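First up is the structure itself, then whatever we jot down about it.
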Amino acid sequence: MRLLWNRLFSPVPRVRRLGQFHEKAGSEAQYLAGRNSRFKELIRLVRISMEFFRGMRALHRVGPSITVFGSARFKEDHPFYQLGLQVGRVLGREGFTVITGGGPGIMEAANRGAKEAGGRTIGCNIRLPLEQAPNPYLDQVVTFYYFFVRKVMLVKYSYGFVILPGGFGTLDETMEAITLIQTGKLYDFPVILMGVDYWKGFLSWMESVLVKNGTIAAQDLKFLHLTDDAEEAIRIILHTTQGLGGLGVRPPNEKSTIDRK
């Protein structure tokens, strides 16, 4: 029984080969690489289910929350780090729990700003080949093994996203949020891009290429907001989230209280 328990729930050990990290059987990389035996797939399904259960149990009482994304690579003296601090402060001031990926850089800045404003902070960390250490400004840390489980948690308990400058991971979360809004899976869910010079080319490309070619509609971008001003960001969030209560987003059959004209 102990052997089965360890197989299901223990962290997967890592070994170094040829200068790179590879994980032993049970890794997410092997899961995504193709099929395995039915027994291994069943074991993995149980692990995934338990990770969802653990995440939902840990985050169930977080209260109204905003998720902040951004690069882990910016240091304290970088202007984008300082922008993350401002965002965290206004969110904490307004009583929102600030959720981040829990790492350094902009994630740390947003958590730090929220703590300085007396707010609550949560980090949804992820196990990586080169471990990402949680930043010191977190009230609670939940560490996930599967990226897709973590992504669900970051959306499920958030009233909106604030996207600061970042790389592939930040772009991934941004596009997933837009897709969920476009397909009607999220309602009254603002996505705020902070850093006009950084993001304006991205928005311009979507408008001039995607909208122009009909692969998306112009209205699919209506939940995207571009600003450098943390106070403007909180005004957008408060306007969009007014009338929401409890956890999660408004059900589709419930009339919005927001005038979107």
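With (1) in a helix (DSSP H, G or I); (2) in contact with a Pro (Cβ under 8 Å, 6 or more places away or on another chain) as the list, and ALA72 as the residue in question, which single condition is left unmet?
In the conditions (1) in a helix (DSSP H, G or I); (2) in contact with a Pro (Cβ under 8 Å, 6 or more places away or on another chain), ALA72 misses (1) alone.
Enumerate the pairs (first residue in region 189-212 and surrounded by fewer than 11 Cβ atoms within 10 Å (Cβ to Cβ); second residue anywhere and at pLDDT 95 or above) with beta-carbon separation below 9 Å, excluding pairs fewer than 6 apart on the same chain, so at least 6 apart or on different chains.
Within 9 Å, the pairs are ASP197/ASP228.
Residue check: is ILE216 assigned to a loop (DSSP other than H, G, I, E, B) and at pLDDT below 50? It would help to see each step written out before you state the result.
On the way: assigned to a loop (DSSP other than H, G, I, E, B): yes; at pLDDT below 50: no.
No: the conditions fail for ILE216.
Quick check: anything in region 82-91 assigned by TED's automatic domain parsing to the domain that holds SER71, within 23 Å of ARG54 (Cβ to Cβ) and either among the polar types (S, T, N, Q) or buried (at least 23 other Cβ atoms within 10 Å of the Cβ) (or both)?
From region 82-91, those assigned by TED's automatic domain parsing to the domain that holds SER71 are 82-91; that's our starting set.
Filter again for within 23 Å of ARG54 (Cβ to Cβ), leaving none.
No, that holds for no residue.
The values are calculated or read from the model by the stated rules, or taken from the named source; none is laboratory data. Bear in mind that the values here come from a model prediction, so they are computed numbers and not experimental data. Using ideal geometry, Cβ is built from the backbone for each residue, glycine included, and neighbour counts are taken over all protein chains shown.
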